[in-house]
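So the structure is just underneath, and the comments pick up after that.
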Amino acid sequence: MTYHPQLKRTGLKRTALVGAAIAAVSALTLTGCGGQQGATTLDKDAPVTITMWSGQTDEAQDLIEKLAAEFEDEHSNVTIELSAGASSTEQLLQKLSAGFAGNSYPDISYAFGAWASQLEASGRTLDITDKVNEPDVQWEEFSEAARKTVQPTGEKTIGFPAIVDNLSLIYNKTLFDKAGLDYPDENWSWDDFRDAAKTLTDPASNTYGYGYSVSGSEETTWQFWPHLWQNGGEILSDDQQTAAFDSEAGVEALTFLQDMAVTDKSVYLDQTDTKFGQLFASDRIGMITSGPWQLYDLVKAGTDYGVTVLPGTDGDHQTVSGPDIWALFDHKDANREYWSYEFVKWLTSAEQDVRWNVAIGNLPLRSSEVDSEEFAEQAAQYPGLEIMAANNENAQKARPTVPGYVNLSEAIGSAISQVLQGQSDPAEALKAAAEKANEKLGDSK
């Protein structure tokens, strides 16, 4: 098996790409389902056709087509009409919006986690809460962040997790050995992290202890969320109507990063979102926070690296995850509803997931897959992948899926960039960002 970086599904990192699509259909508020009434009584043996938009291309699409065909062979009355759904994953939301209006939407669709609130608000999704609570589903094997993403308001469960990821600390062993430093581990605190970054930094050779994006994109923003959460802060208020990141906890977290960047000058400030990874691979940066998609490039470059959990506070090593989902939709047909659920339940089981997610180099969906032979093979090829999989346990909170999140991300991303470049005060920058975010969050009420 080969890790394919082009197949990664990093919903958080791609928020900038899907922002326009989200804004274009920010009010998917249709209620009820038009069209003819389907089967009102379940008949598990009746012929049924379900439609699925996979959002996949290339090898991932080939694999899921084989799995769908296998499911059809096992259930001769079921036909799965499977397609990518759109020319790119980013276009699926707009395609779904048009389908809701014309009553031509699928039974199942891949979706970025960022879309979950809008999909639930459409009135077209199924609520499978009672079903996933059944013991045989083993719902607890999905990470908490993944479970929360398919439960955007906490009132309904609109599908299953499809792909998970998280941020872990990746360190350059060559630079650590040169500096005579012990490698980072699961006991590292923020102070340990800062001290190591200072020691690793060498202005004479343009070597930095840490790399951070200051492009103002979602890359800038989601790198900050673990610091906020570990310090006791929250992104939004409890009712998700106003920004809460400008709290004392948020100011302290951003001040910590400012001290590293401005006072210590130990942070490479990347304007591109991509160069810090390249510099790390060439032994110019000692530490980065990244995910499984980074490992392919590091192995290819021959970089001597290690992986561990993020540095924490008081033993809290929370990370951030960008789960994508399989959304299930209601056509008022008991047979389609039943078999749509059964197929996605089957597809996301540990037995099938090792043949799809694990096979294409993504992290396993379920904790039970970490001990599988298939995942062991991938982890042997890409060291640290097993640590990233275990780190899903630290993905305790879901990134908000409220419609105004894109604007919130832009506001705080810009604030973080200004602060780390010494152009703004943390408290003032976060306050201004919260006010700007609240304007758009208010628009989405």
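Footprinting exposure proxy ranking of Asp239, Asp62, Asp333, fewest other C-beta atoms within 10 angstrom first, gives Asp239, Asp62, Asp333. When the chain is treated as a GNM with alpha-carbon contacts under 10 Å, the residue of Ser122, Ser409, Ser266 showing the greatest mean-square fluctuation is Ser122.
Each label point was placed 7 Å from the Cα along the Cα-to-Cβ direction; for Glu155 and Ser282 their separation is 5.3 nm. On full extension, the segment bounded by Asp177 and Asn206 gains 8.7 nm, given 0.36 nm per residue less the C-alpha separation.
Amide H to amide H, with H built 1.01 Å from N, Ser321 comes under 5 Å of Arg399, counting only residues 5 or more places away or on other chains.
I want to make sure I understand the PRE zone here: with the label point 7 angstrom from the Cα of Glu439 toward its beta carbon, which residues in the stretch 394-409 have backbone N atoms less than 18 Å away? Zone members listed by number: 403-409.
Comparing Thr319, Thr272, Thr289, which has the greatest mean-square fluctuation in the GNM of the chain with Cα pairs linked when under 10 Å apart? Among Thr319, Thr272, Thr289, the largest mean-square fluctuation in the Gaussian network model of the chain belongs to Thr272. Extension gain, Lys198-Thr79: 0.36 nm per intervening residue step, less the Cα-Cα distance, totals 36.9 nm.
Sort the stretch 328-408 into rounded, prolate or oblate with this rule: let a ≥ b ≥ c be the square roots of the eigenvalues of the Cα gyration tensor; rounded if a/c is under 1.5, and if a/c is not under 1.5, prolate when a/b is larger than b/c, oblate otherwise. Judged from the Cα gyration tensor, the stretch 328-408 comes out oblate (a/c at least 1.5, b/c at or above a/b).
Only one of the values (1) 5, 22, 34, 28, 10, 2, 0; (2) 4, 19, 23, 20, 15, 11, 6, 2, 0; (3) 4, 21, 31, 25, 13, 5, 1, 0 was calculated from this structure for P(r) over Cα pairs in 10 Å bins from 0, in percent; name its label. Label of the calculated value: (3).
Let me know the charge dipole size of the stretch 223-285 about its Cα centre in debye, to the nearest 20, where only the beta-carbon of Lys, Arg (+1) and Asp, Glu (-1) is charged.
Dipole about the Cα centre, nearest 20: 420 debye.
For the stretch 356-432 and the stretch 176-252, compute the distance between their C-alpha centroids and round to whole Å. If we compute the Cα centre of each part, the gap is 13 Å.
Taking Cα centre as origin and charging only the Cβ of basic (Lys, Arg, +1) and acidic (Asp, Glu, -1) residues, the dipole magnitude of the stretch 325-443 rounds to 380 debye. Taking a ≥ b ≥ c as the square roots of the eigenvalues of the Cα gyration tensor, the stretch 303-445 is oblate, since a/c reaches 1.5 or more and a/b is not larger than b/c. Checking every one of the GluC sites (Glu not before Pro) in the stretch 195-291 against DSSP loop status and a limit of 14 other Cβ atoms within 10 Å picks out no site at all. Each label point was placed 7 Å from the Cα along the Cα-to-Cβ direction; for Lys265 and Asp136 their separation is 6.5 nm.
Taking all Cα pairs closer than 8 Å and separated by 6 or more residues, the relative contact order of the stretch 56-146 comes to 16 percent. This model, with +1 at the C-beta of Lys and Arg and -1 at the C-beta of Asp and Glu, gives the chain a dipole about its Cα centre of some 1300 debye. Taking amide hydrogens as placed 1.01 Å from N in the peptide plane, the amide H of Gly85 sits under 5 Å from those of Ser54, Gly55, each at least 5 positions away in sequence or on another chain.
Would you work out if the stretch 205-354 is rounded, prolate or oblate? Take a ≥ b ≥ c from the square roots of the eigenvalues of the alpha-carbon gyration tensor; rounded if a/c is under 1.5, else prolate when a/b is larger than b/c, oblate otherwise. Judged from the Cα gyration tensor, the stretch 205-354 comes out oblate (a/c at least 1.5, b/c at or above a/b).
Where a number appears in this text, it was derived from the coordinates with a stated rule and is not lab data. Note that the coordinates shown come from a computational prediction; the quantities given were computed from them, not determined experimentally. Positions of Cβ are generated from backbone atoms using ideal geometry, with glycine treated the same way; all protein chains shown enter the neighbour counts.
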